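Heads up, the thing below is written out as structure tokens.
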Amino acid sequence: MVGSFVFLAILVAQVAAPPQADAWTNDTIPWLVRPMPVFPDQAMRARVWERTVELTCPVIEGGRFGRCRIEETTDRRYGFGAAAVASMRSARIEQSPDGPQPGETFRGSIRFSMPPGMR
């Protein structure tokens, strides 16, 4: 049986801005819909409770993200990278003159951590 569970996943992010502008951090990025990664089933079966995935994603029109690339992950065997990339498909940011613009690059980390009571 394949279950879908959303457990604690912390997004630490920034968007590469033009040289004159400040970098976007997770606290200041104008999220409309935050990424909600699903904890990978294969990781639960293997009892792998924590991993981090670093991503880069181009910002595209409509506050969406283009094809994300996994820059680094603490473990490629259990599906954390795919789960992090998949979560960015539904993520949205506010489009405003002061926000991240199409053509800029989002850089962030998603940390997966299974709560102790679920282990």
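The values are calculated or read from the model by the stated rules, or taken from the named source; none is laboratory data. These figures come from a predicted structure and were not determined experimentally. All Cβ positions, glycine included, derive from the backbone under ideal geometry; neighbour counts span all protein chains shown. Keep in mind that these areas ignore ligands, DNA and RNA; they rest on the heavy atoms of the full protein, side chains included. Shrake-Rupley method; radii C 1.70, N 1.55, O 1.52, S 1.80 Å.
For region 33-119, what is the accessible area per residue in Å², given a 1.4 Å probe and the full set of protein chains?
54
What trypsin sites (Lys or Arg not before Pro) in region 57-101 are in a loop by DSSP, with at most 15 other Cβ atoms within 10 Å of the Cβ?
Numbers: sites: R64, R67, R69, R76, R77, R89, R92; in loops: R67, R76, R77.
Counting only loop positions with at most 15 other Cβ atoms within 10 Å, the trypsin sites (Lys or Arg not before Pro) in region 57-101 are R67, R76, R77.
Just add up the charged neighbours of F39: K/R +1, D/E -1, any other residue whose Cβ is under 15 Å from the Cβ of F39.
+3
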